[in-house]
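Have a look at the structure below before the remarks.
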Amino acid sequence: VIIEVSDSNRGNCSTTFTVFVENTNDDPDIETLNEIFCYEDEEYLVDYEAIDIDPTNDVLEWTFSTNASFLTLNRTSGILSGVPGNIHVGTYWINITVSDQNGGFNNTNFTLTVINENDPPEIVNPLDDILFSEDTINTRLNLSHYFQDIDLGDTLLFQYGGNNKINVTILENGTVIF
């Protein structure tokens, strides 16, 4: 920089000096938007990206904290992923942090909701053939010992077919009366 000074009688002088600008560390910026919904039994994957405007070529590192046990985060790539199961249906808090090597960091906090997908009922015990004597009345079989549905709140509905020669009644609780 050159500074020149003059007076009203045409006298002048000048001086020069150098201005140095030192870099101060800037926090990295997370550019990726949070994905706040995912579905049970489907992969949840978010590739977090961040930029650091510092000219020091800082290596960025990713960390996270959460109560979602099904999630993992790659510390180098920033990929957050996992496959929630039926037991994970609900809401979870997540904090994603990116940091540079010089004390700069940025984070994002959000709530992730895992949405239930209907799971079909399952056979938990094979149902063997049933033998009872003719004219036997009120033979009972509880079907809830043989079938289940892992979805909370689902009610099993039973029906029968294939044999119209016997009287069959199925109660709401899954008990079959022959």
field: Built amide H within the under 5 Å cut-off of TYR39, gap 5+
entry: ILE115
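Label segment 31-72 by shape, choosing from rounded, prolate and oblate, from the square roots a ≥ b ≥ c of the eigenvalues of the Cα gyration tensor; if a/c is under 1.5 it is rounded, and otherwise prolate applies when a/b is larger than b/c, oblate when it is not. Could the numbers behind the result be given before it?
On the way: a/c = 3.51, a/b = 2.28, b/c = 1.54.
Prolate.
Is there a quick way to get the dipole size of the chain? I mean about its Cα centre, with the Cβ of Lys and Arg at +1 and of Asp and Glu at -1; what is the value in debye to the nearest 20? Walk me through the numbers before you get to the answer.
Details: 4 positive and 30 negative charges, 76 e Å.
That gives the chain a dipole magnitude of about 360 debye.
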- request: Express in Å², to the nearest 10, the accessible area of ASP58 obtained by rolling a 1.4 Å probe over the protein heavy atoms while all chains stay in place.
  value: 20 Å²
- request: May I ask you to rank TYR48, TYR39, TYR146 by accessible area, largest first, using a 1.4 Å probe over the protein chains only?
  value: TYR39, TYR146, TYR48
statement: Interchain or sequence-distant (5+) residues whose placed amide H lies within less than 5 Å of the amide H of ILE79 are TYR48, ASN74
query: Dipole magnitude of segment 120-174 about its Cα centre, charges +1 at Lys/Arg Cβ and -1 at Asp/Glu Cβ only, in debye to the nearest 20?
result: 180 debye
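I need the peptides 167-177, 99-109 ranked by packing, meaning the mean over residues of other C-beta atoms within 10 angstrom, with the highest value on top. Spell out each step's value before the answer.
Values: 167-177: 12.5, 99-109: 15.4.
Top to bottom by mean Cβ count within 10 Å: 99-109, 167-177.
Between THR18 and SER81, what length comes free when the chain is fully extended (0.36 nm per residue of separation minus the Cα-Cα distance, one decimal in nm)?
Numbers: separation 63, 0.36 × 63 = 22.68 nm, distance 5.10 nm.
Extra length available between THR18 and SER81 comes to 17.6 nm.
By the gyration tensor of its Cα atoms, with a ≥ b ≥ c the square roots of the eigenvalues, what is the shape of segment 1-73: rounded for a/c under 1.5, prolate for a/b over b/c, or oblate? The partial results should precede the final answer.
Details: a/c = 6.98, a/b = 4.70, b/c = 1.48.
In terms of gyration-tensor shape, prolate.
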query: Which one of GLN101, HIS145, VAL59 is farthest out on the positive end of the charge dipole of the chain, using unit charges on Cβ (Lys, Arg +1; Asp, Glu -1) and the Cα centre as origin?
result: HIS145
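Rounded, prolate or oblate: which one fits segment 33-130, using the alpha carbon gyration tensor with axes a ≥ b ≥ c (rounded when a/c is under 1.5, else prolate when a/b beats b/c, else oblate)? Intermediate values should be presented prior to the final figure.
Working: a/c = 4.03, a/b = 3.30, b/c = 1.22.
Prolate, since a/c reaches 1.5 and a/b exceeds b/c.
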task: Taking the dipole about the Cα centre of segment 120-178, with the C-beta of Lys and Arg at +1 and of Asp and Glu at -1, give me whichever of GLY174, SER133, GLY162 is farthest to the positive side.
output: SER133
field: Accessible solvent surface per residue of the chain, calculated while the other protein chains remain in place, 1.4 angstrom probe, Å²
entry: 72 Å²
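Quick check for me: using +1 on Lys/Arg Cβ and -1 on Asp/Glu Cβ, what's the dipole size of segment 1-62 about its Cα centre, in debye to the nearest 20?
Numbers: 1 positive and 18 negative charges, 246 e Å.
Charge dipole, segment 1-62, about its Cα centre: 1180 debye, nearest 20.
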query: Using a basic spin-label model with each label point 7 Å from the Cα along Cα→Cβ, how many nm lie between ASP135 and LEU171?
result: 2.6 nm
- prompt: Residue by residue through segment 55-60, which ³J(HN,Hα) values in whole Hz follow from phi under the Karplus form 6.51 cos²θ - 1.76 cosθ + 1.60 (θ = phi - 60°), with glycine and proline marked x?
  reply: x, 8, 6, 4, 8, 8
query: For the chain, what Kirkwood radius comes out of the mean inverse Cα-Cα distance, in Å?
result: 23.0 Å
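Which percent of the accessible area of segment 46-120 is formed by carbon and sulfur heavy atoms (probe 1.4 angstrom)? Intermediate results must be reported in sequence, preceding the final value.
On the way: 1980 of 3890 Å².
The computed percentage sits at 51.
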message: Can you give me the solvent accessible area of ILE30 with a 1.4 Å probe, rounded to the nearest 10 Å²?
response: 40 Å²
- line: Reduced to Cα centres, the span from segment 143-178 to segment 11-71 in Å works out to 58 Å
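The values are calculated or read from the model by the stated rules, or taken from the named source; none is laboratory data. The model shown is predicted, which means the values in this text are computed figures rather than measured ones. Here the Cβ is made from the backbone with ideal geometry for all residues, glycine too, and neighbour counts use every protein chain on show. All accessible areas refer to the heavy atoms of the entire protein, side chains included, with ligands and DNA or RNA removed. Shrake-Rupley method; radii C 1.70, N 1.55, O 1.52, S 1.80 Å.
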